[in-house]
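What follows is one structure encoded as structure tokens, with my remarks underneath.
The values are calculated or read from the model by the stated rules, or taken from the named source; none is laboratory data. Given the structure is predicted, the values throughout are model-derived calculations rather than measurements. Glycine gets a Cβ as well: all are built from the backbone with ideal geometry, and neighbour counts include every protein chain shown.
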């Protein structure tokens, strides 16, 4: 065929996609299929379950075949990838962050949440919009969500974070929930003037978009207050949960041997990505102030650590220092509390509420001197930290129960929940 000889290198992404779509539609005809019978084909990247939106068993009219072909191409080109796909899924999760072999530290808390829903009997498909590749992936995601009802009908659609929520809202005919993560509607307090204005306009647009949703969730009451009044009526404050079976206290020396840290140092850690909003320079300066009083104190920035190894780092440390300028509900603080690790933090998001009443945990002003003094007090305090006991309501099973309550209020059938809830 003529189109088979057209060179594709150098063409814009949308032209290459259209070419591939036309070619694949041609190759899906009976004549083309018959011609390929004796030709072995190398297996391509596929979703985790063949009975997902690519399945031929849902609908088999020409439009449905076209949509399945488009979804498959987008998946194979890694614009949108199906991280989970099951024939009996009733919820579609749409996100722009998901832990995968390329980036295992990208939003592991979301996978924990989806796994919690699965354990409760609610099966989900997960559509990962790889927005880091460019704006075109969000446009492709919007088109995919518009067309998805032609091949699979979900009882509920749940978008996670910023632009991914906009993509999820393009799915028509089912209730759509948007879960905001923090800076998507709070904006950034750091950066130059142009960056702050740009991000502020983005946050304003996302707040107004919340008016189009069936319901929403925010991590904190502060975020709840940022939404328009009408959106607040259907918003529920639900922070991320922590898997207490993974994040739990363990022997400090064993943890240090596991990751290769000296046994005789006082270790202060700051956990998270290297981003200006995290103010790592402030954390380093505060630790230097504390080291004037505690000579063997060492500050370590922990970043890009595989999620499975992270509990060892919390248990190997003597204190978590968190100096972020803007937060929703920081998971690193909740994970540290689950491991009974003392915490010193600046006031951002719901940190003051998380640390309220916890032994050997405090909120301090964002200056190196005052943070350093707080570090010394918490490190030298004789009593153990009781963060785990004070944060039981943040265990993943309790947070999952709150999310299921929201799902039920939007019409998710009880029969889809009860199977795994006992």
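Tabulated results
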{"quantity": "Members of segment 214-223 found to be modelled with pLDDT of 95 or more and either farther than 26 Å from residue 156 by Cα or buried (at least 18 other Cβ atoms within 10 Å of the Cβ) (or both), listed by number", "calculated": "215, 216, 217, 218"}
{"quantity": "Qualifying residue in segment 205-213 (condition: surrounded by fewer than 21 Cβ atoms within 10 Å (Cβ to Cβ), more than 30 Å from residue 409 (Cα to Cα) and touching a residue at least 24 places away in the same chain (Cβ under 8 Å))", "calculated": "no"}
{"quantity": "Candidate set: segment 354-369, residues that are touching a residue at least 60 places away in the same chain (Cβ under 8 Å) and part of a helix (DSSP H, G or I); chosen: the one surrounded by the fewest Cβ atoms within 10 Å (Cβ to Cβ)", "calculated": "369"}
{"quantity": "Where residue 89 falls short, out of the listed (1) at pLDDT 95 or above; (2) part of a loop (DSSP other than H, G, I, E, B); (3) within 19 Å of residue 407 (Cα to Cα)", "calculated": "(1)"}
{"quantity": "Residue in segment 232-249 that is surrounded by 14 or more Cβ atoms within 10 Å (Cβ to Cβ) and assigned to a helix (DSSP H, G or I) present", "calculated": "yes"}
{"quantity": "Which listed residue is at positive phi and touching a strand residue (DSSP E or B) at 6+ places or on another chain (Cβ under 8 Å), from 107, 144", "calculated": "107"}
{"quantity": "Selection within segment 72-122 - within 30 Å of residue 411 (Cα to Cα), touching a residue at least 60 places away in the same chain (Cβ under 8 Å) and over 15 Å from the mean Cα position of the chain (by Cα)", "calculated": "80, 89, 90, 91, 118, 119, 120, 121, 122"}
{"quantity": "Residue match in segment 256-270 (condition: at pLDDT below 95, within 30 Å of residue 401 (Cα to Cα) and assigned to a loop (DSSP other than H, G, I, E, B))", "calculated": "no"}
{"quantity": "Of the criteria (1) outside any helix (DSSP H, G or I); (2) surrounded by fewer than 20 Cβ atoms within 10 Å (Cβ to Cβ); (3) in contact with a helix residue (DSSP H, G or I) (Cβ under 9 Å, 6 or more places away or on another chain), which one residue 98 fails", "calculated": "(2)"}
{"quantity": "Qualifying residue in segment 401-418 (condition: closer than 24 Å to residue 303 by Cβ, modelled with pLDDT of 95 or more, surrounded by fewer than 22 Cβ atoms within 10 Å (Cβ to Cβ) and in contact with a helix residue (DSSP H, G or I) (Cβ under 7 Å, 6 or more places away or on another chain))", "calculated": "no"}
{"quantity": "Flag for residue 309 being more than 20 Å from the chain's Cα centre (by Cα) and at pLDDT below 95", "calculated": "no"}
